[in-house]
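Visitor: Would you mind keeping the following structure in view while I ask a few things?
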Amino acid sequence: MGITDVIVLVLILLGALLCLTAAIGLLRFRDVPTRLHAATKPQVLGLVLICIAIALASGTWQVAAFLVPVVLIQFATAPLSAHMVGRQAYRNGTIDEASLVVDELAADKRTPPAAGG
């Protein structure tokens, strides 16, 4: 077993542990913002570590080039979807507003939507 194999195993183990902590956080955290944090931060980092391990294990540039869009799409979609879910949870009233340090959407909540859109 070479040094590359050990690095690959460690990266896969760390990535899997981060993905596991994301899943546990989704189940155990009490409110929407903390669940969203658990769903995005460790899960994305876990996927990146696993993709790096796959690229190292394969040793080819073709596999690494294939994994780059996977990581970039994950970087783009995870924060965007978390933002949309959090904003909708705020509008539905499922977020404890007393626990918010800064309420940037308070003005949107007071202002009625414009007519026709």
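Visitor: Could you tell me whether Ala53 is more than 30 Å from Leu105 (Cα to Cα) and either loosely packed, with under 14 Cβ neighbours inside 10 Å or in contact (Cβ under 8 Å) with a residue 24 or more places away in the chain (or both)? Quick ask: steps written out before the conclusion?
Guide: On the way: more than 30 Å from Leu105 (Cα to Cα): yes; either loosely packed, with under 14 Cβ neighbours inside 10 Å or in contact (Cβ under 8 Å) with a residue 24 or more places away in the chain (or both): yes.
Criteria met by Ala53.
Visitor: Moving on. Residue by residue through the range 47-89, note down the ones that are under 13 Å from the mean Cα position of the chain (by Cα) and of a type in the set (S, T, N, Q).
Guide: Gln74, Thr77, Ser81
Visitor: If Ile7 meets every condition in (1) buried (at least 16 other Cβ atoms within 10 Å of the Cβ); (2) assigned to a helix (DSSP H, G or I); (3) touching a residue at least 40 places away in the same chain (Cβ under 8 Å) apart from one, which number is that one?
Guide: The failed condition is (1).
Visitor: If we keep just the residues of the range 21-53 that are part of a helix (DSSP H, G or I) and among the charged types (D, E, K, R), which is farthest from Val70 (Cα to Cα)?
Guide: Restricting attention to the range 21-53, the residues satisfying the condition of being part of a helix (DSSP H, G or I) are 21-28, 32-53.
Subset that is among the charged types (D, E, K, R): 28, 35, 41.
Numbers: Arg28: 28, Arg35: 23, Lys41: 16 Å.
It comes out as Arg28.
Visitor: Quick one: in the range 61-88, of everything that is of a type in the set (S, T, N, Q) and at pLDDT 90 or above, which residue is surrounded by the fewest Cβ atoms within 10 Å (Cβ to Cβ)? Outline the logic, then answer.
Guide: The first filter runs over the range 61-88 and keeps only residues of a type in the set (S, T, N, Q), leaving 62, 74, 77, 81, 88.
Right, trim to at pLDDT 90 or above and you get 62, 74, 77.
Details: Gln62: 9, Gln74: 16, Thr77: 12.
Among them, the one singled out is Gln62.
Visitor: Among the residues that make up the range 27-42, is at least one of them more than 12 Å from the chain's Cα centre (by Cα), farther than 30 Å from Val101 by Cα and free of Cβ contacts under 8 Å to residues at least 60 places away in the same chain?
Guide: Taking every residue of the range 27-42 in turn, none turns out to be more than 12 Å from the chain's Cα centre (by Cα), farther than 30 Å from Val101 by Cα and free of Cβ contacts under 8 Å to residues at least 60 places away in the same chain.
Visitor: Just to be sure I understand the filter: pairs with C-beta atoms under 8 Å, separated by 6 or more residues or on different chains, first member in the range 88-100 and farther than 15 Å from Thr34 by Cβ, second member charged (D, E, K, R) and part of a helix (DSSP H, G or I). Which pairs pass?
Guide: Arg91/Lys109
The values are calculated or read from the model by the stated rules, or taken from the named source; none is laboratory data. This structure is a prediction, so every number in the text was calculated from the model and none was measured. Don't worry about glycine lacking a Cβ; one is built from the backbone with ideal geometry, like all the others, and counts go over all protein chains shown.
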